[in-house]
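Shown next, in structure tokens, is the structure this report addresses.
What follows is calculated from the coordinates using simple rules that are stated; it is not laboratory data. From a predicted model like this one, the values you see are computed outputs, not experimental measurements. Virtual Cβ from ideal backbone geometry, glycine too; neighbours counted across all protein chains shown.
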Amino acid sequence: MRKTLRHALLLALIAVGPAAARAETGQFTVSFGGLRAGILAYDGTGSGGRYKVAGSARPSGLAGAFFSARVDSAAQGRNTENTFAPEVAREITRDGDTTVERVFRYAGGVPQITRTPPRSKPQRHAAPAAAQKGTVDTTTAAFAILRDRPEALACKLDIAIFDGARRHRIQFNDAQKTASGLRCGGTYTRVAGFSPEEMAEQVTWPLQMDYVRQPDGTMRVAELRFRTSFGSARIRRR
């Protein structure tokens, strides 16, 4: 359970346009099966086709009894509309007296990962970092998914994520107008780095995301919904 909750929170931690500099913040509550599990937050800025974002994940509610880790992260790089190319990302996980730092540096779009302290043995089934060209880190992915954006860019995202061991793909491509904005349909797909049992269990899950139109016409994420082994999960703006 601890592993699943940590994975879900990191994914949830699963850009801004290239015009004038713009600051953006977001805070979200994560719940599984109707029970509050964590809080996500980010602060981002961007200008001239570049982005910079800092994020955090904290367990809360029932999850706090099983999962004590706190995650702080940051990433920066280049972006054009819905396309992102991170240059460096850092993630610090604190769990009791244990602190782990991972740094992702990208050369030619390929992540090179440094972990402090290093692992005593390799992770089973982990996908090789050298084969992950074109992927983004989880902090960049969260910003790409949850950020404010023009209506023309909403519900149009296809992003490959590598978290250091597993490769994931998230797609949104089905937009329907609602009274308050847009509802997007999409999919989450396990790609590589998973055990044979995990791949046999299920590879693809449906996603649904609601945007609310702001007074200036910008679309803002109100809620993201998906299924997990703990029941329906929601990431809802606070």
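Computed from point charges on the beta carbon alone (+1 for Lys and Arg, -1 for Asp and Glu), the dipole magnitude for the chain about its Cα centre is near 260 Debye. Neighbours of Ala41, meaning other residues whose beta-carbon lies under 12 angstrom from its beta-carbon, give a summed charge of +1 when Lys and Arg score +1 and Asp and Glu score -1.
Along region 164-171 the Karplus relation, 6.51 cos²θ - 1.76 cosθ + 1.60 evaluated at θ = phi - 60°, assigns HN-Hα couplings of x, 9, 10, 10, 10, 10, 10, 10 Hz to successive residues, with x for each Gly and Pro.
Computed over the Cα atoms of region 104-236, pair by distinct pair, the Kirkwood hydrodynamic radius stands at 16.3 angstrom. In plain terms, the bigger the Kirkwood radius, the slower the diffusion; for the chain, with that radius from Cα pairs, at 25 °C and 0.890 mPa s, Stokes-Einstein puts D at 136 µm²/s. In terms of distances greater than 31 angstrom between alpha carbons, the cross-link table entries Lys133/Lys177; Lys52/Lys156; Lys133/Lys156 yield Lys133/Lys177. Dipole of region 85-193 computed with +1 at Lys/Arg Cβ and -1 at Asp/Glu Cβ about the Cα centre; of Ala175, Gly186, Pro118, farthest Cα towards the positive end is Pro118. Among 216-225, 109-118, the peptide with the highest mean count of other Cβ atoms within 10 Å heads the list, and the full ranking is 216-225, 109-118. Normalising the Debye intensity of region 165-208 to I(0), with uniform scatterers on Cα atoms only, and taking log10 at q = 0.13, 0.19, 0.33 Å⁻¹ returns -0.38, -0.62, -1.10. When +1 charges are put on Lys and Arg Cβ atoms and -1 charges on Asp and Glu Cβ atoms, the dipole computed for region 107-187 relative to its Cα centre reaches about 360 debye.
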